[in-house]
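The values are calculated or read from the model by the stated rules, or taken from the named source; none is laboratory data. Predicted model only: the values in this text are computed from it and were never measured. Neighbour counts are summed over all protein chains in view; Cβ atoms, including those assigned to glycine, are modelled from backbone coordinates with ideal geometry.
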Amino acid sequence: MVVLFDACTVINMVHIDEGEFLLKQLRGLEFQVCKTVYDEISTNIFNKFKYTIPYPEKEKKEIDVKLNNIRSHIYNNQHYLDFCDDVKTATNYSKSNGEFHSTVLAAYINTFEKVFVHIYTDDRPALKEFLPFLSRNQIGSIGDSVDLLVLLYRHNEAFNRNDLKKYLSKLFAEYAGVIAELEKVMMSYEIPKLLVRNQKLRTKLAEIKKAIADLNVTSLRKIYLELPGDKASYGTLFELLKKYDDFFKKNITGEYLEKIKSYVKYVDSEPFYKWAN
Amino acid sequence: MTPAISSEEIYWAGFPSIKEQFEKLIKRSMRIPNSSLVLNWGEYGSGKTHAARYFGKDETLSQLAEEVNSAKPYFVFLTLPKGRSPINDLYTAIVDKIDIDYFRELFANDLEDLANYINTIDNNSYIQAVLKAIFQANVDSNLLKRYLYQSTSASENKSLSEQGIMRGIGSETDYSKIIAGLFSCITFQKKYFSTIIFWVDEFEDIAIMTKVNADKTNSFLREIIDNTPNNLLIFLNLTQSALFNIEDLGEYISEAVKSRIKTRINFEIPKREDTIEYIKELLSFYRVDPANAGRSELFPYEQDMLIALLNKLGNAALRSVNETLGLLLDIAEMDEISPITIDYYNEHEAEIIGNWKN
């Protein structure tokens with residue numbers, strides 16, 4: 001089995017890991033990451049600490065050590081990049097990011113090594129974008145961190161049901177904590193007196209509150225990306241939301257949050273199959 | 001618009017039945033020994049945090065105590081910690097509020113009785129020793145406070161061994177036992193404090209904790225309740241949020257804690273007439289010329305205008321009503337309009353409510 005990881009999945013695994021428990025299990029999968037993915041990991045893995053006071057130096061050091069372990073899994077043969085144009089045409093995808101290069105690498109490995117390739121990403125649009133190409137061409141499959149945790153649980157004797165529940169709930173907390181904080185910030189936001197006659201700002205604030213209440217992360221991200229376009233109206237709002245930039249960039253959806261929550265419940269109600277030795 | 005913080009700005013306006021429910025529970029807790037757990041449930045901006053601030057006011061508590069002829073309650077208000085170690089954070093936040101010198105002075109003449117009482121609190125000589133040290137003046141209070149914060153050195157800890165404190169605080173069970181023991185001591189014989197009111201805000205954030213931390217929070221709460229069988233009234237504020245609904249309660253609050261919930265106070269979306277009464281009362285607290293005869297109690301708002309505005313707002317939480325009226329007041333002030341009539345409101349409705357109503 002060939003496994004490729006996208007940046008967000010590796011970042012999630014590193015953030016929710018306790019000690020090196022998950023990292024050890026991941027090593028067993030003999031996974032690969034593209035150079036672009038590794039660069040994205042290095043750039044973004046510390047974003048969550050950006051506003052943490054005091055800066056968690058100890059955690060940063062631990063993550064640095066884990067990153068060294070990931071570095072040795074970079075796929076060094078750059079020939080796969082020759083497939084870029086073909087995949088771009090086949091998928092109609094225009095960006096040259098980590099998820100695109102992972103798909104290109106999957107196509108390359110599948111073509112020459114004749115194996116099915118599994119990609120794991122938590123970027124929901126990317127998952128939807130590349131699934132048809134990977135599946136229709138029998139190149140491989142694409143899953144997310146939840147699927148990956150289930151796989152690790154099933155393949156490792158040391159990974160028990162409590163661990164699965166724990167790590168799924170930690171994954172949920174990674175996203176839910178930000179949404180809960182965002183909800184509180186927006187609910188307590190007071191429009192500055194100078195802007196009380198600014199209807200656009202009030203409308204936008206109401207849209208944000210509604211998107212949060214509906215757990216519509218896609219709409220929330222869309223609103224956030226629109227804010228810098230009208231600094232006069234939305235400047236103060238944007239300043240508040242900027243702190244959550246990393247969360248918006250993660251490209252998750254409400255449906256994904258529901259999936260994590262339901263999988264936490266499945267651990268007890270409809271346990272995942274694990275062969276009992 | 002968030003709840004007022006400054007004590008002199010915290011008033012209770014309207015909603016007499018909710019106020020009465022709290023008063024009854026607090027008075028009962030002051031009079032009888034039983035401990036109980038109460039859930040306060042409502043939407044964002046429905047008044048739960050405000051209720052905590054109002055009932056935490058020294059003036060409010062003294063008044064209630066006077067009515068039942070009891071010592072007043074000892075009030076502890078905390079927001080549920082969201083960090084990686086919520087129990088440690090909870091414990092630290094409670095220790096932050098403990099004024100050792102104040103308690104020592106208060107209990108100076110009761111030390112013998114209190115020490116005998118401590119001997120009955122927990123069959124654990126270590127916890128008993130820590131509790132005794134809190135109240136006895138022969139241990140430096142700063143050293144003891146640092147010990148409670150777990151920031152003493154090994155040699156400092158050694159110096160505490162004379163008091164029977166033979167080890168450092170080592171586990172979450174220690175945290176809950178020390179806090180529970182302290183709560184019991186503070187309310188000893190209901191002499192200086194009749195009960196402890198332990199009010200936790202934003203308890204809905206238990207839904208975003210990892211499972212391990214949520215389990216620990218439940219255990220901590222259960223242990224506090226179990227180890228403080230008397231004179232403890234816990235309020236948990238729970239807000240309906242994007243990630244938490246009352247139907248999900250069972251997912252996050254353990255059976256052991258749920259079974260200890262005695263009452264639920266619902267902060268419902270207010271009816272129109274209740275909101276009008278609330279506005280009347282609230283305005284009365286801010287009148288600079290209350291004796292001005294002939295002026296409406298709703299001044300500067302006119303009643304038909306308020307009805308039209310509330311109809312337009314529909315099922316809005318109290319905070320939204322406050323926000324909208326505040327905005328209307330700001331705009332009217334800019335336009336130098338007073339009183340605020342229905343015609344003025346109609347003219348500016350889009351600006352005030354528009355399509356941002358929530």
Check off (1) in a helix (DSSP H, G or I); (2) assigned by TED's automatic domain parsing to the domain that holds B:G47 for B:T263 and give me the number that stays unchecked. (1)
Hey, A:I223 hits all of (1) touching an Asp or Glu at 6+ places or on another chain (Cβ under 7 Å); (2) at the interface with chain B (Cβ under 10 Å from one of its Cβ atoms) but one; which does it fall short on? (2)
Scan B:E323, B:E273, B:E281, B:E277 and give me the residue that is in a helix (DSSP H, G or I), within 14 Å of another protein chain (Cβ to nearest Cβ) and not polar (S, T, N, Q). B:E323
Got a number for residues in segment B:115-162 being part of a helix (DSSP H, G or I) and touching a residue at least 12 places away in the same chain (Cβ under 8 Å)? 24
Subset of segment B:222-254, residues surrounded by fewer than 20 Cβ atoms within 10 Å (Cβ to Cβ), of a type outside the set (A, V, I, L, M) and touching a residue at least 60 places away in the same chain (Cβ under 8 Å), comes to B:P229, B:N230, B:Q240
Anything in segment B:67-104 that is closer than 17 Å to B:L232 by Cα and in a strand (DSSP E or B)? List them, or say none. B:Y74, B:F75, B:V76, B:F77, B:L78
Looking only at segment A:19-40, count how many residues are over 17 Å from A:L171 (Cβ atoms) and outside any loop (DSSP other than H, G, I, E, B). 10
Anything in segment A:185-210 that is at the interface with chain B (Cβ under 8 Å from one of its Cβ atoms), out of contact with any Lys or Arg (no Cβ under 8 Å at 6 or more places or on another chain), within 28 Å of B:L80 (Cβ to Cβ) and not small (G, A, S)? List them, or say none. A:E190, A:L205, A:K209, A:K210
Odd one out for A:R197 among (1) within 19 Å of B:I208 (Cβ to Cβ); (2) free of Cβ contacts under 8 Å to residues at least 12 places away in the same chain; (3) not in a helix (DSSP H, G or I): (1)
